[in-house]
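S.K.: Have a look at the structure that comes next, please.
The values are calculated or read from the model by the stated rules, or taken from the named source; none is laboratory data. These numbers were taken from a predicted model, which means no experiment stands behind them. Here the Cβ positions follow ideal geometry from the backbone for every residue, glycine too, while neighbour counts run over all protein chains shown.
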Amino acid sequence: MADKKEMLDRWPFEREVPSLPPQEYARRREQCPISKVRMWDGSEAWLLTRYADIRKAFRDTRLSSDSSVDHFPAPNEAIAMARKVQRDFTRLDSEPHSRQRNLLAKYFTITHVNTMREIIEKKVEELLDEMEAKGGPLDLVENLALPLPIFLTCVLLNLPTDDTPYLLNRVVAWMNSDSTPDESAKGADDIIVYFAKVIEREKAQRSEGMVAELVHEHVANGHITEDELLWMLHLLLVGGFDTAAIMISLGTFNAVEASGGSRKAAGKSVPGEFGRGGAAAHA
Ligand code: HEM
């Protein structure tokens, strides 16, 4: 008789249509909304597919977000390794999580985000103009979906926009599901080293914006440690990157399809590996 363990489906599920979630989620939502799956390392994890159950689980203090524990679910080895050492507040529970999260709340209000609207719209125009000048067919991911979120992060954190190529290169190494665990770990390390320098620079010479306020008002007054800030900046870079990149690429792809356009029009790598790996990394 087959081992019961071997009968569990492997997660992440394969996508039937690259731009849409695997149908297995909908099937389970209907037939077994709380079920088990098999992870890359053979361990088992619970999969919740209904909004109400997920909300309930997030509020259940018996569950933890601490990804440093053995067999914390991850979609592949590279992400499992990264999460073992990741110390940003999404990987922490209760007080350290809410204390750090609250410090960021004011930067994510509609009013504050609207202050960035003009500069982001200008960047979008610029990237679209560059695409038009190059002529088609073009890869939407390379030309718009990747450079825009990195630019956005630089604006949000008041980082030199000249740093965008380096940050893009390192964050892709960290998140791409094709990266080996070593390549991915090196990408994450380089980002930490980069932000350690940003903090040192800020301590030496006060500038403006989010990093300046976090260093001079919150680290200086003991609301947050320097190590917590380092990981918070790491989170802001990687958390805002793949999510936005995927929404731009898949959103465009689905819009083009819905309007009867061809897949090619949306860019050859839109439904490709980057989207899948990125989505899994942030989830
Ligand atoms: C379309 C774009 C985005 C999507 C779909 C998205 C999605 C999500 C999701 C699903 C979570 C919860 C993850 C979890 O608890 O494990 C999350 C958390 C978070 N996201 Fe985003 N995100 C987007 C853009 C951004 C951007 C641009 C930033 C910042 C630059 C950002 C920063 C964060 C932070 C700091 C958290 C942690 C909040 C907490 O733990 O309390 N996100 N995001």
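S.K.: Suppose we filter Lys36, Lys56 for residues that are out of contact with any helix residue (DSSP H, G or I) (no Cβ under 6 Å at 6 or more places or on another chain) and either in contact (Cβ under 8 Å) with a residue 40 or more places away in the chain or more than 16 Å from the ligand (Cβ to nearest atom) (or both); which single one remains?
M.R.: Lys36
S.K.: Please count how many residues of the range 80-98 are surrounded by fewer than 17 Cβ atoms within 10 Å (Cβ to Cβ), of a type in the set (Gly, Ala, Ser) and more than 14 Å from the ligand (Cβ to nearest atom).
M.R.: 0
S.K.: Which of the helices (runs of 4 or more DSSP H) contained wholly in the range 9-112 include at least 2 residues that are under 20 Å from the mean Cα position of the chain (by Cα) and more than 26 Å from Asp178 (Cβ to Cβ)? Quick ask: steps written out before the conclusion?
M.R.: On the way: elements: 23-31, 51-59, 77-85, 94-104.
Once the helices (runs of 4 or more DSSP H) in the range 9-112 are filtered for at least 2 residues that are under 20 Å from the mean Cα position of the chain (by Cα) and more than 26 Å from Asp178 (Cβ to Cβ), what remains is 51-59, 94-104.
S.K.: Same structure again: List the residue pairs whose Cβ atoms are under 8 Å apart, where the first residue sits in the range 111-126 and is on the phi < 0 side of the Ramachandran plot, the second is of a type in the set (Lys, Arg), and the two are 6 or more positions apart or on different chains.
M.R.: His112/Lys106
S.K.: One residue is enough: does the range 166-174 have a residue meeting the conditions touching a residue at least 24 places away in the same chain (Cβ under 8 Å), out of contact with any strand residue (DSSP E or B) (no Cβ under 7 Å at 6 or more places or on another chain), of a type in the set (A, V, I, L, M) and surrounded by fewer than 18 Cβ atoms within 10 Å (Cβ to Cβ)?
M.R.: No - not one qualifying residue is present in the range 166-174.
S.K.: Within the range 142-158, identify whether any single residue is away from the ligand (no atom under 13 Å from the Cβ) and more than 21 Å from the chain's Cα centre (by Cα), and answer yes or no.
M.R.: Filtering the range 142-158 down to residues away from the ligand (no atom under 13 Å from the Cβ) leaves 142-144, 146-147.
From what's left, more than 21 Å from the chain's Cα centre (by Cα): none.
Within the range 142-158, not a single residue is away from the ligand (no atom under 13 Å from the Cβ) and more than 21 Å from the chain's Cα centre (by Cα).
S.K.: Also: Quick one: which helices (runs of 4 or more DSSP H) sit completely within the range 190-272 and have at least 1 residues that are within 16 Å of the ligand (Cβ to nearest atom) and either modelled with pLDDT of 95 or more or within 23 Å of Leu92 (Cβ to Cβ) (or both)?
M.R.: Correct list: 210-213, 226-258.
S.K.: Out of the residues in the range 113-130 meeting the condition of being aliphatic (A, V, I, L, M) and in a helix (DSSP H, G or I), tell me which one is farthest from Leu157 (Cα to Cα).
M.R.: Leu128
S.K.: Suppose we filter the range 198-244 for residues that are within 23 Å of Leu148 (Cβ to Cβ), β-branched (Val, Ile, Thr) and surrounded by 19 or more Cβ atoms within 10 Å (Cβ to Cβ); how many remain?
M.R.: The total comes to 3.
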